[in-house]
Amino acid sequence: MTNNVFLFESLPNEIIIELFKYFEARDLIQAFYHLNSRFNCLIRSLTHLIYSTNKNDNYILSYSFIYTLVINTKLEDKLSCFPNIHRILLDYVTDDLITQFNSQVLPCLEYLSVSHKVSPFYMPDLRGKIFSNGFPNLKSCYISRMKPAYTLREWTRSPSLRFLRLNDIDASIYTSILLACPNLYYLKFRLPERSKIESNIVLHSNLKRLLINLNHDEWPWDDNFLDGYLACVPNLEKLRINRSVSVDSNVMNFLQHYDWLLSTISKRLLVIDRFEFDFNVKRTNGFTEYDFQEISRCLKNKFNNVYRNRFNSRLVIF
């Protein structure tokens, strides 16, 4: 055993760090921390360590070198044990956690993921902290639930947020997000219904990447409601749209004359560099692979003709 330890310690730091990556943070700390000063320094230098609360751990003292924290059980009055947390994956929330959830306890937080497992009861408080600069270093965020959004008026601003992924939203949430995140660069969300921006056009000059999931949009399509969303982001450089439909003869006739959002894009996005359209063709009974290939060929030809000699564009059919 002693010889094995000596052999391990004789390895260069680069190899030891690679081997450490195969350990869970809890096991790594208990096995190697406090063995010697070299291992202590190497462990403290790691930026990949992920600590999960799904196991009982009586060993928690102060894990100042944990970079990512997965919270999926109670963590009562222990967030302060992780002063260097940069990333949090939040699956479980309690009143006590909400109290601890602030920039004094989490001064380095840069990424936050709030999953659908979190009770809707806590979502307004979490959203309030996120969109009111509760974490001044927060750069990227995923929020599973944005509805009901009855606390929108209480948001102030979060100038540090640059990347934001959301699930279902509507027009009022969209404009509130743009107001609350003036430096937002990337935004992804899903529109489950045609929520139209009537008159409250909020100009956001910094958003460059936008992905809108319209897979739940009912047939026949009506692109007019998208005009307001694109009008808010005139400096957008890349737009990606997801849509799906069950193809029949009526749909094919419609798509033969469809402009694939060109008129709206040309009107609202004057500096766009790339447009991607992800099109999910739902198979019906009797729909063969040959049918799919023929439809794909036909639609791609039509799409390419519409966008020929314009900005970069791509239609993906699946």
Residue with peak Gaussian network fluctuation, the chain [Cα springs, cutoff 10 Å], from TRP219, TRP155, TRP260: TRP219
Karplus-derived 3J(HN,Hα), 6.51/-1.76/1.60, for each residue of segment 64-72, Hz, glycine and proline x: 5, 9, 6, 9, 10, 10, 9, 9, 10
FRET efficiency for GLU218 and ASN72, using Cβ-Cβ distance with R0 set to 51 Å, rounded to 0.05: 0.90
Candidates GLU276, GLU237, GLU294, ranked by Gaussian network fluctuation over the chain, Cα under 10 Å, top entry: GLU294
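What is the dipole size for segment 162-318, taken about its Cα centre, with +1 at each Lys and Arg Cβ and -1 at each Asp and Glu Cβ, in debye to the nearest 20?
700
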Among ASN301, ASN215, ASN242, residue whose mean-square fluctuation peaks in a GNM of the chain (springs only between Cα atoms under 10 Å): ASN301
Orientation-averaged projected area, Cα convex hull of the chain (nm²): 22.0
Computed log₁₀ I(q)/I(0) - Debye formula, equal Cα scatterers, no solvent, segment 214-298, q 0.17, 0.18, 0.26 Å⁻¹: -0.78, -0.85, -1.41
Projected label distance in nm at ASN183 and SER160, using a 7 Å step from Cα toward the beta-carbon: 0.9
10 Å beta-carbon shell around HIS116, net charge (K/R +1, D/E -1): +1
Farthest toward positive dipole pole in the chain [+1 Lys/Arg, -1 Asp/Glu at C-beta], among SER10, ASN213, ILE197: ILE197
In segment 192-250, chymotrypsin sites (Phe, Trp or Tyr not before Pro) in a DSSP loop with at most 10 other beta-carbon atoms within 10 Å: none
Spatially close lysines, pair count over segment 162-318: Cα under 25 Å, gap of eight or more or interchain: 18
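Over all directions, what mean area does the Cα convex hull of segment 162-318 project, stated in square nanometres?
The directionally averaged projection comes out at 9.0 nm².
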Part-to-part distance (alpha-carbon centres) for segment 67-120 and segment 220-288, which is given in Å: 38
The chain, relative contact order [Cα under 8 Å, separation at least 6], %: 8
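Read-outs: derived from the displayed coordinates by stated rules, not from any lab. Source: prediction; values computed, not measured. Positions of Cβ are backbone-derived with ideal geometry, glycine not excepted, and every protein chain shown enters the neighbour counts.
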